[in-house]
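The values are calculated or read from the model by the stated rules, or taken from the named source; none is laboratory data. Treat the numbers as computed from the prediction; the structure is a model and nothing was measured. FYI the Cβ positions are ideal-geometry reconstructions off the backbone, even for glycines, and counts take in every protein chain you see. Please note that ligands, DNA and RNA were not included when accessible areas were found on the heavy atoms of the full protein model with its side chains. Shrake-Rupley method; radii C 1.70, N 1.55, O 1.52, S 1.80 Å.
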Amino acid sequence: MRAGFYKLVTTAIFLAFAVGANPQSAAAADLGIMTSGPSAVRGCSEIVFTCEDGRQYPLCPIAVTIAGEVVTGSLHLGYHSPMHVRLIPMGVGYRYAGRGVWLDGFRENALLNFGKHSQVACTLLRS
């Protein structure tokens, strides 16, 4: 009888924490680049990385969550065709990786890596 009561109390406590948790806390962790929403798909003007090498690299969303987080996109590097990149879950910040190219960042600051030995600092500009 006593074990059943403790199990009921424990379940009630965990339920209270689950209901009382803030659903916006995941967004505060900057898990990915946010857009205006699903309507931003295929638009290349909303997210642009301006880098120290004097170039601008737009990120065109391909798949966006309902909350507006970019999941996949094409990163226009200025040569050949756009590079397909995908969000890789990180603890803090974001990483979008493609073949031989990846973009690590936290909020507006990012590092664009071209392989293991070449990187450039960038700033995220939103229009």
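Annotation note: GluC sites (Glu not before Pro) in region 44-106 located in DSSP loop regions with a Cβ neighbour count of at most 16 within 10 Å are E52.
With a ≥ b ≥ c the root eigenvalues of the C-alpha gyration tensor of region 75-127, is it rounded (a/c under 1.5), prolate (a/b larger than b/c) or oblate?
It is rounded, given that a/c, with a ≥ b ≥ c, falls under 1.5.
When the solvent-accessible surface of protein heavy atoms is calculated with a 1.4 angstrom probe, in what order do L124, L87 fall, highest first?
Ranked from most to least accessible, the order is L87, L124.
The label-point distance for H80 and S45, in a model that sets each label 7 Å from Cα toward Cβ, rounds to 2.9 nm.
Could you tell me the distance between the Cα centroids of region 54-81 and region 93-113, to the nearest Å? The two parts, judged by their Cα centres, are 11 Å apart.
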